[in-house]
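The values are calculated or read from the model by the stated rules, or taken from the named source; none is laboratory data. Computed from a prediction, not measured in an experiment: that's the story for all the values here. Positions of Cβ are generated from backbone atoms using ideal geometry, with glycine treated the same way; all protein chains shown enter the neighbour counts. Please note that ligands, DNA and RNA were not included when accessible areas were found on the heavy atoms of the full protein model with its side chains. Shrake-Rupley method; radii C 1.70, N 1.55, O 1.52, S 1.80 Å.
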Amino acid sequence: QARLEAARAYEQLDKPADAERLLLTNLVEDVLTPASPEWRDSLFELGHLLHKQGRYDEAISRLDEAVKRYPDGRETLLARYTIGRSYHAAAAEPAKRFAESKTENERQSAKAQMTELLIKAHENYQGVQRTLTLGGGDVDDPLQQTLLRNCYMLQGSVLFELRRFDEALKAYG
């Protein structure tokens, strides 16, 4: 627990490498197991830290592992949302390559990768939105309401980027 709290403090001090080191220590040392709350919290925390650093592939991997291990955890909804944000942000790199490409093959490759990432982002946003609307989300929970609003807006954004304009209008509506 002390390493987890110290990692959070390092993150606030803008020392992500120190925070990551402590979180990884919690995850790889033999002291904790995946059954312990500190191990679970360290995994979620590491995924969010990696996302904040722009290390989207690593963030997706860690958060996906956390969601699969703890599908009913209180952190799972935010983790699924962050996975969507990571896919969405990761799509910027192939979009840039697409804009700068000089050959048709480069354009097609970049567009295919961008499309794949945007579709995965949309699926995650949609999954969070469905969980909150169909799963009886708590209307008094400000985090859940913020996630719901953001999921609708970000679905619209992704659909717009995919040039699916009618669906984007529906999501924005």
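General remarks:
- Residue-level analysis places Glu106 outside the set of residues that are assigned to a helix (DSSP H, G or I) and at pLDDT 95 or above.
- Selection count, region 1-21, where residues are in a helix (DSSP H, G or I), among the aliphatic types (A, V, I, L, M) and open to solvent by 70 Å² or more (accessible area, probe 1.4 Å): 2
- Restricting region 140-173 to residues that are farther than 16 Å from Leu78 by Cα and not in a helix (DSSP H, G or I), the residue that is most open to solvent (accessible area, probe 1.4 Å) is Arg163.
- The residues of region 51-73 that are over 16 Å from Leu117 (Cβ atoms) and hydrophobic (A, V, I, L, M, F, W, C), listed by number, are Ala66, Val67.
- Residues of region 71-86 satisfying the condition of being within 22 Å of Gln1 (Cα to Cα) and in contact with a Leu (Cβ under 8 Å, 6 or more places away or on another chain): Leu78, Ala79
- Condition check for Leu13: farther than 26 Å from Thr131 by Cα and touching a Phe, Trp or Tyr at 6+ places or on another chain (Cβ under 9 Å): no
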